[in-house]
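Colleague: Take a look at the following structure, please.
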Amino acid sequence: MPASSTGLRILSASDVIEQLQQLRTKQPVKFTAFYSSQLGGIVTDPALMVIPFDDHMVHRGHGIFDTAGIVNGKIYDLDAHLDRFLKSAERSKLKLPGTRDEMRDIIIKTTAASGRRDGSIRYWLSSGPGNLDLTPVAGAEPGFFVMIFPGLVYPEKWKTDGVRVMTTTYPIKPPLYAITKTTNYLPNVLMQMEAKEKGFDNGVFIDHDGHVGESSNMNVAFVSTDGVLVHPKFDHILSGCTSLRLLELARTLVSRGMLKDVKVTDVSLNDALAANEMLLIGSSVKVAGIVQWDQHTIGTGKPGPVAAALLQLLEEDMRSGDRLIDVPY
Ligand SMILES: Cc1ncc(COP(=O)(O)O)c(C=O)c1O
């Protein structure tokens, strides 16, 4: 930023493009394609991956998003993520820019344009630009955006040594906002920052009744002392697509005798801390074992066998299951 306002210039369109390109040179990003309904197409130059400031997603947080994975050149479980996206849109009173099939098609074509064969697709719906008010301006057109990027990466030692979490001091979102995937992630951001500042890997929200909620961008689940896979109810946390899929896949572990049962229920903090295993679950992390919660050791203090078995089932499903979509690269 200039030291004083005396040197402030009125910029031309080409000055702005140059400046946007310089920003990307200073801080390179690996975004390979971006679709914007406002631009009317796909751009591959990260400098052009922009949104007007008066879009209500920017200045009021009136927007939603979702993220699906690209695995070996196929998109994994997109329809589950799109179902959740549409539910979030409805709860947020956001208009759709077109039909579900049109949005799905744009997501697939943007992926193809990116050339990326492994990574993530994040897409947003905004209530659109037009003023700085709260409610959308009359006739505002919703914005639809799709970004193709490498995906979030976590330290290798999360896999080998396990993850260490703390009970966050930030209050859990009220249920309506927790079950809706809006762009309001302030509590989630603060929780992760707090955990890192205190030497942990991540935080966990506890609800007002003392039940376990979720982590910053991941669900948590447990293997109880009697061998049941227990997942918190989805009425006060995000319905993780990965958790929902794993709850189905885990039935295989019941038939193999590795688990007694699979249950979705309220989980008290005491039961959680006594668990044989605690798991972190999400599209980005897949499955990781949690080995420490605050000052308590979970299970043996090492990632457990159920975490490993669930990760294997999920990776198989991502490689060769029936939830893969071809990408016309
Ligand atoms: C708050 C929150 N909980 C849980 C999840 C896990 O959801 P998924 O398995 O669909 O990635 C996410 C990630 O989207 C999230 O942001």
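Colleague: Using the Karplus curve 6.51 cos²θ - 1.76 cosθ + 1.60 with θ = phi - 60°, what ³J(HN,Hα) values do you get for each residue of segment 95-109, in whole Hz, with x for Gly and Pro?
Modeller: 6, 8, x, x, 7, 4, 5, 5, 5, 4, 5, 5, 4, 5, 5
Colleague: Of Phe234, Phe53, Phe200, which has the largest mean-square fluctuation in a 10 Å C-alpha GNM of the chain?
Modeller: Phe53
Colleague: From the cross-link list Lys74/Lys196; Lys30/Lys157; Lys26/Lys93; Lys260/Lys286; Lys30/Lys74, which pairs have alpha carbons spaced over 30 Å apart?
Modeller: Violating the 30 Å Cα-Cα cut-off are Lys74/Lys196; Lys26/Lys93.
Colleague: Sort largest first and round to whole Å: the equivalent ellipsoid semi-axes of segment 184-329, each the square root of five times a Cα gyration tensor eigenvalue.
Modeller: On the way: eigenvalues 114, 80, 41 Å².
Square roots of five times the eigenvalues give 24, 20, 14 Å.
Colleague: While we're here: Please report, as a whole percent, how much of the solvent-accessible surface of the chain comes from carbon and sulfur atoms (probe radius 1.4 Å). Mind dumping the intermediate values first?
Modeller: On the way: 8970 of 16400 Å².
Carbon and sulfur together cover 55 percent of it.
Colleague: Sticking with this one: Using modelled backbone amide H atoms (1.01 Å from N, in-plane), which distant-in-sequence or interchain residues come within less than 5 Å of Glu277's amide H?
Modeller: Those qualifying (amide H under 5 Å, at least 5 residues apart or on another chain) are Val223.
Colleague: With just the Cα atoms defining each centre, how far is segment 250-311 from segment 138-196? Give it in Å.
Modeller: Cα centroid of segment 250-311 versus Cα centroid of segment 138-196: 21 Å apart.
Colleague: Return the sequence-ordered ³J(HN,Hα) values of segment 312-322 in whole Hz as given by the Karplus equation 6.51 cos²θ - 1.76 cosθ + 1.60 applied to θ = phi - 60°, using x for Gly and Pro.
Modeller: Rounded to whole hertz, the list is 5, 4, 5, 5, 5, 4, 6, 7, 9, x, 9.
Colleague: Starting from the amide H of Gln292, placed 1.01 Å from N in the peptide plane, find each other amide H under 5 Å away whose residue is 5 or more places distant or on another chain.
Modeller: Distant-sequence amide H within range of Gln292: Val163, Val165, Ile298.
Colleague: Further question on the same structure: Only Cα pairs within less than 10 Å get springs; with that Gaussian network setup on the chain, which residue of Ala140, Ala68, Ala113 has the largest fluctuation?
Modeller: Largest GNM mean-square fluctuation: Ala140.
Colleague: Karplus couplings for segment 28-34 from phi (6.51 cos²θ - 1.76 cosθ + 1.60, θ = phi - 60°), rounded to Hz, Gly and Pro as x?
Modeller: Going residue by residue, I get x, 10, 10, 8, 9, 7, 9 Hz, with x marking Gly and Pro.
Colleague: Taking only Cα atoms and a 10 Å spring cutoff, compute GNM fluctuations for the chain and point out the largest among Gln312, Gln295, Gln27.
Modeller: Gln27
Colleague: Could I ask something else about it? Sticking with the crude label model, points 7 Å out along Cα→Cβ, report the distance from Asp294 to Glu197 in nm, one decimal please.
Modeller: Rounded to a tenth, the inter-label distance reads 1.9 nm.
Colleague: Do you know the relative contact order of the chain, to the nearest whole percent, from alpha carbon pairs under 8 angstrom that are 6+ apart? If you can, show how the numbers build up before the last one.
Modeller: Values: 643 pairs, mean separation 58.0, N = 329.
With pairs under 8 Å counted, the relative contact order is 18 percent.
Colleague: So, one more: Could you compute Rg(Cα) / (2.2 N^0.38 Å) for segment 5-157, with N its residue count?
Modeller: On the way: Rg = 16.8 Å, N = 153, 2.2 N^0.38 = 14.9 Å.
In units of the globular-protein estimate, segment 5-157 measures up at 1.13.
Colleague: Between Lys109 and Val153, take the C-beta separation as r, use R0 = 35 Å, and let me know the FRET efficiency to the nearest 0.05. Write down the numbers at each step before the final one.
Modeller: Values: r = 26 Å, r/R0 = 0.74.
The calculated FRET efficiency here is 0.85.
Colleague: Among rounded, prolate and oblate, which fits the chain when a ≥ b ≥ c are the square roots of the eigenvalues of its C-alpha gyration tensor, a/c under 1.5 means rounded, and a/b larger than b/c means prolate? Please list the in-between numbers first.
Modeller: Numbers: a/c = 1.86, a/b = 1.62, b/c = 1.15.
Prolate shape, in that a/c is at least 1.5 and a/b is the bigger ratio.
Colleague: Moving on to the next point. Leaving out ligands and nucleic acids, and using a 1.4 Å probe, what accessible area per residue does segment 163-308 come to in Å²?
Modeller: Numbers: 6220 Å² over 146 residues.
About 43 Å² of surface per residue is accessible.
The values are calculated or read from the model by the stated rules, or taken from the named source; none is laboratory data. Here the structure is a predicted model, which means the values were calculated and not measured. Backbone-built Cβ (ideal geometry, glycine too); neighbour counts: all protein chains shown. Side chains included, ligands, DNA and RNA excluded: accessible areas come from the protein's heavy atoms. Shrake-Rupley method; radii C 1.70, N 1.55, O 1.52, S 1.80 Å.
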